[in-house]
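Q: Okay, handing you the structure first.
The values are calculated or read from the model by the stated rules, or taken from the named source; none is laboratory data. The shown structure was predicted, so the numbers you read here are calculated from the model rather than taken from an experiment. With ideal geometry, Cβ positions are generated from the backbone for all residues, glycine too; neighbour counts draw on all protein chains shown. Each accessible area value is taken on the protein alone, full model and side chains, heavy atoms only, with ligands, DNA and RNA left out. Shrake-Rupley method; radii C 1.70, N 1.55, O 1.52, S 1.80 Å.
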Amino acid sequence: MIKKLIRRVISLARGKSKKTRTLGSCTVIPFKEHGVKREGISPAARRVTDGLQAAGYQAYVVGGAVRDLLLKRQPKDFDVATDATPEEVRRVFRRARIIGRRFRLVHVMFGDETVEVSTFRRMIEAVDAQTDDHGRLLRDNEFGDQEQDAARRDFTANALFYDPSTQEIFDFHHGYADIRANLLRMIGDPATRYREDPVRMLRAVRLSAKLGMKLEAATAEPIFSMKGLLGNVPEARLLDEMLKLLMSGHAVECVKKLRAMHLHHGLLPMLDVILEQPMGEKFIMSALANTDQRLREDKPASPAFLFAALLWHEVLSMWNAQLDAGKPAIPALHLAMDAVLHKQRLQMAIPHRHDTIMKEIWLLQPRLEQRSGQRPLRLLALPRFRAAYDFLLLRCHSGEMPMELGEWWTEFQEASDERREEMLLPEKGPKKKRRRSKKPAATVAA
Ligand code: ATP
Ligand code: MG
């Protein structure tokens, strides 16, 4: 107890220092200079750093959260870095569990907030490290000290440590100055760092688009010639990063940057093909803009909807091929969907759990064209109606379907029973045999 009190007094006294000072290779920036208050840190993350420090360990808020606070943005989550081992961290907190196999992290829970705590790591020198044939690090999971932990991070802006008890920032790589200059700069030699982990190229694009930071020249320069290395990254990791990019709320900006840097080839294998077709491009860009908008308004946006959009023009062209071969419309659509998902999976595995939703959205598209009898009312009652309708609107906006169809559904949803009656189109002809639906209205630009 007394020890804790003394430590608190010492740290507060240290925090009172008004001048930037250096500690070895570290610059310590006081609150007076950077202005990030401890209240900006979530209560749970503060309890984690307080708890660890009281137990005699070093503990800082680190990474994206410090960067975002300096950029006056709300951090997505708060990560903590410490010199305590995972077992030691677990001993300090009642609700904590160790997760991860390759590198063990601790999740500490307070209420419904979870704080991820990682032990300082060091980068293993390339000579000792296991790498693949292209120099990609296969192992980077050894414990280290704070300075080493800073050096193994990607960008200078991501390598700042914030101590909530003193409100000081610890900066080993001039990240503070880079943030002030709005520059995203790789720590160390960029080409070496991309070779160690090619995903950093995608992170560079995503973070610069999301944060509106400029990629520093030497950080951007090797990307063009090194982009091929993305081909060696395990596909689960690539998909993970693609999802982060597409769900960042800045997908349009990210995809534009990816194209400008020629990085989009081979990522979502169909993305490059589709983006090169005028109608496909319009459709995808409006799907991404729509998702960005929803995310910014804190509305739910599902990856399944986005994947359904990304693959739609491929489905459409296969569907048409099946129809041309004489298959009836709905079986043809089923065949097309399965073929596209299979082909996609050979290149990048979109998790199976999204399949059902994607297929439901696609299968409802021809049904949205039927506006007579009881069918529209039955469609309205389906749980997936809203997603299918949003999807239809994208098709209308891209010019693939007539605007009038989307507008009809917009009105029909809101209309009174009487108005709905009026809106329904007459049944076409006597009910004889089931009519074979005609070819989908638009085809992919040939
Ligand atoms: P976001 O706001 O999207 O979460 P972030 O920078 O916090 O961005 P995370 O994936 O949460 O990204 O990673 C947390 C921190 O881990 C980063 O700030 C960075 O310091 C480090 N990091 C993440 N990925 C890498 C990588 N591939 N190479 C080196 N350091 C990395
Ligand atoms: Mg983060």
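Q: Dipole of the stretch 288-423, Cα-centred, from +1 at each Lys and Arg C-beta and -1 at each Asp and Glu C-beta, to the nearest 20 debye?
A: Value, rounded to 20: 560 debye.
Q: Label the stretch 140-199 by shape, choosing from rounded, prolate and oblate, from the square roots a ≥ b ≥ c of the eigenvalues of the Cα gyration tensor; if a/c is under 1.5 it is rounded, and otherwise prolate applies when a/b is larger than b/c, oblate when it is not.
A: oblate
Q: Order Leu137, Leu392, most accessible first, counting only protein heavy atoms with a 1.4 angstrom probe.
A: Leu137, Leu392
Q: With a 1.4 Å probe and every protein chain left in place, work out the accessible area per residue of the stretch 1-185 in Å², rounded to a whole number.
A: Value for the stretch 1-185: 52 Å² per residue.
Q: Right, here's the next one. For the chain, give the magnitude of the charge dipole about the Cα centre (Cβ charges: +1 Lys/Arg, -1 Asp/Glu; no others), in debye to the nearest 20.
A: Roughly 880 debye for the chain.
Q: Still on this structure, please answer the following. On the accessible surface of the chain, probed at 1.4 Å, how many percent belong to carbon and sulfur atoms?
A: 52
Q: Any idea what the relative contact order of the stretch 288-423 is, in percent, if you count C-alpha pairs under 8 Å spaced at least 6 apart?
A: It comes to 19 percent, rounded to a whole number.
Q: Putting +1 on Lys and Arg Cβ atoms and -1 on Asp and Glu Cβ atoms, find which of Ser165, Leu341, Met186 reaches farthest to the positive end of the dipole of the chain.
A: Projecting each Cα onto the dipole axis, the largest value belongs to Ser165.
Q: Could you give me the radius of gyration and the Dmax of the stretch 1-185, taking only the C-alpha atoms into account and expressing both in angstrom?
A: Using the Cα atoms of the stretch 1-185, the pair Rg, Dmax is 16.5, 55 Å.
Q: Please figure out what share of the DSSP beta bridges in the chain is antiparallel and state it in percent, rounded to the nearest 5.
A: 80
Q: Kyte-Doolittle cut-off 0.5, length cut-off 20 Å along the helix's own axis using Cα: show which whole DSSP H helices in the chain pass.
A: Helix filter hits for the chain: 303-324.
Q: Taking a ≥ b ≥ c as the square roots of the Cα gyration tensor eigenvalues, with a/c under 1.5 meaning rounded and otherwise prolate when a/b beats b/c, else oblate, which class fits the stretch 288-423?
A: Oblate, since a/c reaches 1.5 and b/c is not below a/b.
Q: How many Å² of accessible area per residue for the stretch 288-423, probe 1.4 Å?
A: In whole numbers, the stretch 288-423 has 47 Å² accessible per residue.
Q: In debye, nearest 20, what is the charge dipole magnitude of the stretch 1-185 about its Cα centre with +1 on Lys and Arg Cβ and -1 on Asp and Glu Cβ, if you could check?
A: The dipole magnitude comes to about 900 debye.
Q: Right, another one. Take the alpha carbon gyration tensor of the chain, find the square roots of its eigenvalues, order them as a ≥ b ≥ c, and report rounded if a/c is under 1.5; if not, report prolate when a/b exceeds b/c, else oblate.
A: It comes out prolate by the Cα gyration axes.
Q: With Cβ to Cβ distances under 12 Å as the rule, what net charge do the other residues near Glu411 carry (K, R +1; D, E -1)?
A: Residues near Glu411 contribute -1 overall.
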